[in-house]
Amino acid sequence: MLSVRPKVAELVFQLYGRPLHPELFEVHNTRTVSRGDYEAQVQITSAGHVVTWRCQGLTLTEVATSAHHPLPEKRRLLSYRLLGERSDRLECRGGAAYEVRFELERVDPEIFHNYQRELFDNIETEGMLFRFDSSGRMAMGAMSYISLQSRARTLQVRAFHTFPDDYAIVKTQSLFEIP
């Protein structure tokens, strides 16, 4: 099965106060983290990633995907086009909090290729990586890398998604906190 990225102009970033059905996404890599009072499932998908974080009856699901991807509107807490830079913070019941910062950066081809090469060469062992097939236009396929830092009361998820056809890099950093 060929696995290539959508166009970077089609991307959205959303947060839900509920789990989403796994069959909604084409998943390429999955990792589960359990620590203290929370558990999280982190997935690299065809367009970006899905993080489902659960703590004491609260579920938050973060999604970076294509705007054309059919996702529900019910209990959607945040929704942004992935353009430029943005940050947001959401206070949840029970004192839990969610914080996100994301950036879409378009760069020159040489800088893009160097960045992607460095990203692949410097992969941390605790991170997740998926290399996509080339779209045919570029020799190198896209990559997704996700770094997880799990502490007793926090989970930090740093994601890097490359889009060779657009010479673009999507960087996200999310923090899930419990009091």
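The values are calculated or read from the model by the stated rules, or taken from the named source; none is laboratory data. Treat the numbers as computed from the prediction; the structure is a model and nothing was measured. Cβ placement follows ideal geometry from the backbone for every residue including glycine, while neighbour counts extend to all protein chains displayed.
Brief remarks follow.
- Test: residue in the range 112-122 that is surrounded by 14 or more Cβ atoms within 10 Å (Cβ to Cβ), at pLDDT below 95 and within 24 Å of His21 (Cβ to Cβ): no
- Leu15 being in contact with a Lys or Arg (Cβ under 8 Å, 6 or more places away or on another chain) and either not in a strand (DSSP E or B) or not hydroxyl-bearing (Ser, Thr, Tyr) (or both): yes
This table checks each residue for (1) of a type in the set (Gly, Ala, Ser); (2) under 17 Å from Val63 (Cα atoms); (3) within 9 Å of the chain's Cα centre (by Cα).
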| residue | (1), (2), (3) |
| --- | --- |
| Ser150 | yes, no, no |
| Val157 | no, yes, yes |
| Phe160 | no, yes, yes |
| Pro164 | no, no, no |
| Lys171 | no, yes, yes |
| Pro179 | no, no, no |
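- Beta carbons closer than 6 Å, at least 6 apart along the sequence or on distinct chains, pair a first residue in the range 164-179 that is within 17 Å of Gly48 (Cα to Cα) with a second that is hydrophobic (A, V, I, L, M, F, W, C) and in a helix (DSSP H, G or I) for Asp166/Val8; Tyr167/Phe112; Ala168/Val8.
- Index of the failed condition, Asp133 passing every other in (1) modelled with pLDDT under 95; (2) within 20 Å of Val12 (Cα to Cα); (3) surrounded by 12 or more Cβ atoms within 10 Å (Cβ to Cβ): (2)
- Restricting attention to the range 65-117, the residues that are part of a helix (DSSP H, G or I) and touching a residue at least 60 places away in the same chain (Cβ under 8 Å) total 2.
- Subset of the range 146-175 [under 17 Å from Arg86 (Cα atoms), crowded, with 16+ Cβ neighbours inside 10 Å and out of contact with any Lys or Arg (no Cβ under 6 Å at 6 or more places or on another chain)]: Val157, Arg158, Ala159, His161, Ile169, Val170, Thr172, Ser174, Leu175
- Extreme residue, farthest from Arg81 (Cα to Cα), among residues of the range 27-64 that are in a strand (DSSP E or B) and charged (D, E, K, R): Arg35
- Search result, residues across the range 17-72 that are polar (S, T, N, Q) and farther than 20 Å from Cys92 by Cβ: Asn29, Thr30, Thr32, Gln43, Thr45, Ser46, Thr65, Ser66
- Candidate set from the range 142-163 (those that are in contact (Cβ under 8 Å) with a residue 60 or more places away in the chain and among the hydrophobic types (A, V, I, L, M, F, W, C)); member that is nearest to Phe102 (Cα to Cα): Ala159
- Scan of the range 43-102 for residues that are under 21 Å from Gly127 (Cα atoms) and loosely packed, with under 15 Cβ neighbours inside 10 Å, ordered by number: none
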